[in-house]
Amino acid sequence: MDNRELKEIIVYTDGACAGNPGIGGWGATLSYCDGKKEHRKEIYGGYRNTTNNRMELMAVIESLKCLKERCYVTIHTDSQYITNAFNAGWLVNWQAKLWKNVKNIDLWHQLLAQTKQHQVRFVWVKGHNGHPEQEYSDYLANLGLKSKNLLVDFVYEQKSVQENLFDKLSA
């Protein structure tokens, strides 16, 4: 399928954390115009113990999971962690070094799997700078952070327990 035939999806994402690590949330808006009407979807979620970078990644991953067919996707994020990974070649270097010293490998692998299903480009947007769509994705991330049914970030929490145990044994 030619890129001109793909639906063009515009996504704005954000992650939030009350403390870092702490309670976290992610949010995103997805929009698509079929020529007659704009279609819009808002998504968000939260975790009881995580980091801001993990929430930034989750916002993008969950956005891409919403798509039911191959699309051309422009993802706007205020996370330079994400945009530099794709646009400045960080991912290529991380993979070449077999992910040595890279945090959030589980989520990077999920994100890479999702990006392979679409044509994706990443655009950095300065956070908390009055951009309406980016501010709204921040609002959604904070809704996720405040939700009553916070999920467990099992990978992060298990790693934290292991690191704390190692620190105690090393002391």
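Structure data summary
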quantity: Cβ-defined net charge surrounding G89, 15 Å radius [Lys, Arg +1; Asp, Glu -1]; calculated: +2
quantity: Within the chain, helix-based [θ] at 222 nm, where runs of 4 or more DSSP H residues each add -39,500 (n - 2.57), nearest 500; calculated: -13000 deg cm²/dmol
quantity: For C33, net neighbour charge (Lys/Arg +1, Asp/Glu -1) across residues whose Cβ lies under 11 Å away; calculated: +1
quantity: Tilt relative to the chain, helix 105-115 - C-alpha long axis, 0 to 90 degrees, to 10; calculated: 10 degrees
quantity: Chymotrypsin sites (Phe, Trp or Tyr not before Pro) restricted to DSSP loop in the stretch 70-136 with at most 16 other C-beta within 10 Å; calculated: W99
quantity: For the stretch 104-142 versus the stretch 1-58, the gap between their alpha-carbon centres in whole angstrom; calculated: 6 Å
quantity: Greater than 27 Å apart at Cα, pairs in K126/K148; K65/K103; K65/K159; calculated: K126/K148
quantity: 5 Å binning of all Cα-Cα separations within the stretch 6-90, expressed as whole percents from 0 upward; calculated: 3, 15, 23, 22, 18, 11, 6, 2, 1
quantity: Fraction of alpha-carbon pairs over 18 Å apart in the chain - percent; calculated: 62 percent
quantity: Extension reserve of the V102-K68 stretch, reckoned as 0.36 nm per residue once the Cα distance is removed; calculated: 9.2 nm
quantity: Share, in percent, of DSSP beta bridges within the chain that are antiparallel, nearest 5; calculated: 60 percent
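Any read-out appearing in this document is the output of simple, stated calculations on the displayed coordinates, not a laboratory observation. Treat the numbers as computed from the prediction; the structure is a model and nothing was measured. Quick reminder, even Gly has a Cβ in these numbers, built from the backbone with ideal geometry, and neighbours come from all protein chains shown.
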